[in-house]
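Contents: one structure, followed by commentary.
The values are calculated or read from the model by the stated rules, or taken from the named source; none is laboratory data. Everything quoted here is computed from the prediction, not taken from an experiment. Cβ placement follows ideal geometry from the backbone for every residue including glycine, while neighbour counts extend to all protein chains displayed.
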Amino acid sequence: MHNKIEDIEVRLLLEAIHLKYHYDFRGYAMASIKRRLIQARDRFGCRTISMLQDLVLHDESILMELMGYLTVQVSELFRDPAYFKAIRETVVPHLKTYPSLKVWIAGCSTGEEVYSFAILFREEGLEDRTIFYATDINQDSLRKAEAGVYGLDRMRLFTENHRLSGGKSSLSDYYTAAYGAATFDKSLRKRIVFSDHSLVTDAVFAETQLVSCRNVLIYFNKDLQNRAIGLFRDSLSNRGFLGLGAKETLRFSSHVDGFAEFARDERLYQKREEA
Amino acid sequence: MDGRYPLKGSRAVVIGASAGGLQALSAILPHLPEDYDPVLVCIHLPPHKNSVVAELFADKCRMSVVEADDKAPIEAGTIYFAPPDYHLLVEQDHSLSLSNEAPVYFSRPSIDVLFETAAEAYGEDLTGIVLSGANEDGAAGLRAVIDAGGRGLIQMPKGAYARLMPESAIAACPEARVLPLEQIAAELTGDAS
């Protein structure tokens, strides 16, 4: 029975956050967000999630810290190199036929993915005709993304990922190392627009040719996934591309018929032409 | 999220394994009939490796074997492996979720995460099995399975490749049945008939 009380408390807390701060986590996948809120409860020294609700309703600074539990920030440059290799080898030739390109990195977290795309597009000669939209709801993550500073200890992994993705240059060309940190070249940012955008509550803002949204939908329940994929579908031009995380699929989505599988193992989809 | 859980009339099995786990699973999974209850497996493997474990077992098993996709409905006759570097969770509507949140006991996937969420979704209709391994993951999870009314089985530490995981589970769950590896499959299929 204890678990059922916690379910009630989690739903009330998410409702409270929505009413007070307009962040809407009510459609997030329950099993995972409940685990993270129990961790937050313990972190804030609360006996119950209801007590955490009391704290967050009356102190906005708690919300900022709680956002680190409500959203999950895990990323790497060129994470799943096979994904970027498939984009390089099979999607880029299509993109090269467009005079101008818009690419949406949805749920960009701390920016690793958008820098991966900026580097890949530079290597493939597409950067100058592209605008990247990097969006997230977590302001703290967006600030980190815009700064483009990562631990030097992560560069070995990032370099190996980049190489496996078919990288045509050396990753060290794109950052300067100092004091244990790698700062990515600000020239990579000149085509990137960082923006606060919610897949839960906001609308489409641009017509795009490629949307990459990886390991974001796993935190949504099915209804919310359908909403987000609907936004991508509306944003993409005919025969535009959608890339998902390695274990995400459109198979269980109401939009499954709106897309064709383009590279099955790499979870790349192509929007079907609309009548 | 309509409060009707645990859903009645469907059962499931969750299995956790670590060091020595592939060998232990080989003594169980191939013996299950093709229409057996869904089996969810969390085995610790090095991250950043393309998992071949599902393919490995697909050839040996009568049940279908897949690496779990996010939001897949849990279906009888199927063995689901947690993908490397993701936690595998069970939702109340008996679908699967994945998560990249922090490792638990240095493990992602975590056996505790799978077992605890499955216990909430399946209640007394769940069997949890802890096999060979060299860490303590799974003990708290099996505790949750039993507390929710489910059944706990543990591989006998004597003869296991690594004893710490079964021993930790026994310490946390004295009421679980401790069986030699070769009797676990018989226990499962005997129950199914």
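Within the stretch A:192-210, residues that are within 12 Å of residue A:135 (Cα to Cα) sit with their Cβ atoms under 9 Å from residues that are part of a strand (DSSP E or B) and of a type in the set (Gly, Ala, Ser), at 6+ positions apart or across chains, in these pairs: A:192/A:134; A:193/A:134; A:194/A:134; A:195/A:134; A:197/A:106; A:199/A:106; A:205/A:195. Per the listing A:129, A:163, the residue uniquely surrounded by 14 or more Cβ atoms within 10 Å (Cβ to Cβ) and in contact with a Leu (Cβ under 9 Å, 6 or more places away or on another chain) is A:129.
Restricting attention to the stretch A:157-193, and to residues there that are more than 15 Å from residue A:83 (Cβ to Cβ) and among the aromatic types (Phe, Trp, Tyr), which single residue is nearest to the chain's Cα centre (by Cα)? Checking each candidate, the answer is A:184. Within the stretch A:197-248, the set of residues being part of a helix (DSSP H, G or I) and either over 17 Å from residue A:259 (Cβ atoms) or not assigned by TED's automatic domain parsing to the domain that holds residue A:126 (or both) comprises A:218, A:219, A:223, A:224. Residues that are surrounded by fewer than 24 Cβ atoms within 10 Å (Cβ to Cβ) and at pLDDT 95 or above do not occur anywhere in the stretch B:98-110. Checking each residue in the stretch A:217-230 for being crowded, with 21+ Cβ neighbours inside 10 Å and more than 10 Å from chain B (Cβ to nearest Cβ) picks out A:228, A:229.
Among the residues of the stretch B:86-100, those identified as more than 7 Å from every other protein chain (Cβ to nearest Cβ) and part of a strand (DSSP E or B) are B:87, B:88, B:95, B:96. Residue-level check: of (1) in contact (Cβ under 8 Å) with a residue 24 or more places away in the chain; (2) of a type outside the set (Asp, Glu); (3) crowded, with 18+ Cβ neighbours inside 10 Å, residue B:189 misses just (3).
Per the conditions (1) within 14 Å of chain B (Cβ to nearest Cβ); (2) in contact with an Asp or Glu (Cβ under 8 Å, 6 or more places away or on another chain); (3) of a type in the set (Val, Ile, Thr), the sole criterion not satisfied by residue A:33 is (2).
Checking each residue in the stretch A:232-251 for being within 14 Å of the chain's Cα centre (by Cα) and more than 14 Å from chain B (Cβ to nearest Cβ) picks out A:232, A:242, A:243. Among the helices (runs of 4 or more DSSP H) confined to the stretch B:101-193, the ones with at least 3 residues that are touching a helix residue (DSSP H, G or I) at 6+ places or on another chain (Cβ under 8 Å) and farther than 17 Å from residue B:24 by Cβ are located at B:111-122, B:139-147.
Of these, B:83, B:73, which one is at pLDDT below 95, within 9 Å of chain A (Cβ to nearest Cβ) and closer than 21 Å to residue B:29 by Cβ?
B:83
Screening residue A:129 on (1) over 14 Å from residue A:171 (Cα atoms); (2) within 19 Å of the chain's Cα centre (by Cα) shows it passes everything except condition (2). Do we have residue A:96 as touching a helix residue (DSSP H, G or I) at 6+ places or on another chain (Cβ under 8 Å) and either polar (S, T, N, Q) or in the same structural domain as residue A:218 (by TED's automatic domain parsing) (or both) here? Considered against the rule, which asks whether it is touching a helix residue (DSSP H, G or I) at 6+ places or on another chain (Cβ under 8 Å) and either polar (S, T, N, Q) or in the same structural domain as residue A:218 (by TED's automatic domain parsing) (or both), residue A:96 comes out as no. Consider residue A:64 carefully, then state whether it is surrounded by fewer than 16 Cβ atoms within 10 Å (Cβ to Cβ) and within 25 Å of residue A:147 (Cβ to Cβ). In short, yes.
Search the stretch A:41-55 for residues being of a type in the set (A, V, I, L, M) and surrounded by 21 or more Cβ atoms within 10 Å (Cβ to Cβ), and hand back the single one that is nearest to the other protein chains (Cβ to nearest Cβ).
Applying the filter and picking the extreme gives A:49.
Screening the stretch B:54-70 for residues that are within 14 Å of chain A (Cβ to nearest Cβ) and touching a helix residue (DSSP H, G or I) at 6+ places or on another chain (Cβ under 7 Å) and picking the one that is nearest to residue B:90 (Cα to Cα) gives B:70. Scanning the stretch B:33-49 finds no residues that are acidic (Asp, Glu) and within 11 Å of chain A (Cβ to nearest Cβ).
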